[in-house]
Amino acid sequence: MKTVTRSGPFRRRLVALLALAFLATVAAADADSPSYQRLQGALELYLQIADRGGWPSVPDGPTLAPGDLDPRVAVLARRLRASGDLAMPSLEPALFGNDLRAAVLRFQARHGLVQDALVGPATLQALNVPAERRIAQIRLNLERARQLFTAARRDFVLVNVPAFETYIFRNGAPVWSGRVIVGETASQTPLFESHLASVVLNPTWTVPRSIASEELLLSIQRDPGFLERGGFDVFGADGAPVDPAQVEWASLHADHFPFTLVQRPGPLNELGRVKFIVPNPYGVCLHDTPSRHLFGSSSRALSHGCIRLHRPLDFALQVLAAEGWSRQQIEAGLASQVTQTIALKSPLPVVVGYLTAAVDADGTVYFYRDIYGLDAA
């Protein structure tokens with residue numbers, strides 16, 4: 001039989017269409033999910049970009065900034081036009097003008113980068129990811145989305161770890177979103193499914209032993225007033241209160257720490273003013289935090305594994321409104337400084353997932369950094 005040789009773009013297109021057909025078959029029951037459909041549309045879009053030759057690589061060099069005159073600017077403009085971030089070509093190809101500045105900001109927003117309009121190392125690296133790799137990323141996330149956005153899952157909370165975002169879905173559509181902080185690479189937030197069982201106002205914080213013995217102990221040994229200023233109580237192995245002044249802290253170490261530290265409610269409490277109980281074998285919860293400045297970072301893998309919420313009061317209102325609570329009632333409960341646990345009559349499903357490609361309702365395609373290396377795996 002005579003062998004027929006096909007061009008590179010044809011082969012890419014054929015393999016991609018076969019993969020898409022397979023995914024469409026296995027996901028037929030979930031085809032009505034808008035999130036899944038939008039991601040399918042993104043795959044088609046990027047296949048078309050690849051068929052047109054993809055986009056050029058922007059050469060290495062000094063950081064490009066608005067106002068610069070540089071031969072690389074013309075390549076940058078072609079790159080951003082290819083991905084749809086830049087609509088009109090500049091009349092001065094070497095000038096980094098306002099239209100290109102807006103296009104760079106759009107690109108940075110879509111890729112979870114610092115939005116400063118500067119084309120430095122991080123932005124340059126994202127620009128130079130080939131279209132074929134973005135296609136592979138979308139395909140992988142289509143499979144993840146197929147498992148996540150099922151026909152049966154209509155009302156739920158989604159924490160998208162690499163996006164550093166959480167969403168509340170009602171009737172299959174997102175109705176609320178907010179920034180989160182997730183676990184750093186050494187203390188990764190686990191991926192799991194559970195349910196939001198209760199909301200705790202003015203929570204106490206029982207410090208995990210590893211944090212107490214490996215981190216806080218050093219602060220206690222350096223500063224005898226650390227525990228009192230931080231609002232910590234000390235308990236012995238039998239659960240009885242212990243006077244911190246009677247403890248020989250200098251004799252303790254990570255392998256010998258027979259105490260439990262509990263932080264009282266207050267402005268310094270590491271869980272903030274509200275905590276959300278999500279039963280799971282990893283001890284992970286969603287909670288407030290006094291470290292508000294950390295939410296200004298574009299990369300928010302900063303915790304020991306738990307999920308910190310940027311707008312916890314708004315999140316609590318979204319959850320508790322269905323239970324008959326008003327904002328005034330929640331704020332009054334917080335103002336009381338008394339720890340109060342509110343069990344949900346209708347627990348809300350929670351999914352902690354890992355989507356590194358997603359499309360919003362406006363059709364904007366987002367790519368997120370593979371912070372835990374799960375795409376590569």
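The values are calculated or read from the model by the stated rules, or taken from the named source; none is laboratory data. Keep in mind that what you see is a predicted model, and the values were worked out from it rather than measured. Positions of Cβ are generated from backbone atoms using ideal geometry, with glycine treated the same way; all protein chains shown enter the neighbour counts. In case anyone asks, the SASA skips ligands and DNA or RNA and just uses the protein heavy atoms, side chains included. Shrake-Rupley method; radii C 1.70, N 1.55, O 1.52, S 1.80 Å.
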How many residues, within region 244-274, are of a type outside the set (Asp, Glu), open to solvent by 50 Å² or more (accessible area, probe 1.4 Å) and either closer than 30 Å to LEU309 by Cα or not in a helix (DSSP H, G or I) (or both)?
-> 8
Taking region 275-301 and the residues there that are among the aliphatic types (A, V, I, L, M) and not in a loop (DSSP other than H, G, I, E, B), the one that is nearest to the chain's Cα centre (by Cα) would be ALA301
Tell me which residues, restricted to region 311-344, are in a loop (DSSP other than H, G, I, E, B) and more than 22 Å from GLY230 (Cα to Cα).
-> ARG311, ALA322, GLU323, GLY324, TRP325, SER326
State all residues of region 188-212 that are at pLDDT below 95 and of a type in the set (Gly, Ala, Ser); if no residue qualifies, say none.
-> SER210
Close pairs (8 angstrom Cβ cut-off, 6 or more residues apart or separate chains): farther than 15 Å from ILE49 by Cβ in region 130-158, basic (Lys, Arg) anywhere | ARG154/ARG170; ASP155/ARG170
Checking PRO203 against (1) in a helix (DSSP H, G or I); (2) over 23 Å from VAL161 (Cα atoms); (3) not small (Gly, Ala, Ser), the condition it does not meet | (1)
Of the candidates ARG179, ARG144, the one satisfying the condition of being of a type in the set (Lys, Arg), crowded, with 16+ Cβ neighbours inside 10 Å and touching a His at 6+ places or on another chain (Cβ under 6 Å) is ARG179
Over region 281-303, the set of residues open to solvent by 30 Å² or more (accessible area, probe 1.4 Å) and either aromatic (Phe, Trp, Tyr) or under 23 Å from GLN329 (Cα atoms) (or both) is TYR282, PRO290
Answer with yes or no whether ALA361 is touching a residue at least 60 places away in the same chain (Cβ under 8 Å), in a strand (DSSP E or B) and of a type in the set (A, V, I, L, M).
-> no
Going through region 348-368 in order, the residues found to be surrounded by 15 or more Cβ atoms within 10 Å (Cβ to Cβ) and either of a type in the set (A, V, I, L, M, F, W, C) or modelled with pLDDT under 95 (or both) are LEU348, VAL350, VAL351, VAL352, LEU355, ALA357, ALA358, VAL359, VAL365, PHE367
Which condition number in (1) open to solvent by 60 Å² or more (accessible area, probe 1.4 Å); (2) more than 23 Å from GLN221 (Cβ to Cβ); (3) within 27 Å of the chain's Cα centre (by Cα) is the one that CYS306 fails?
-> (1)
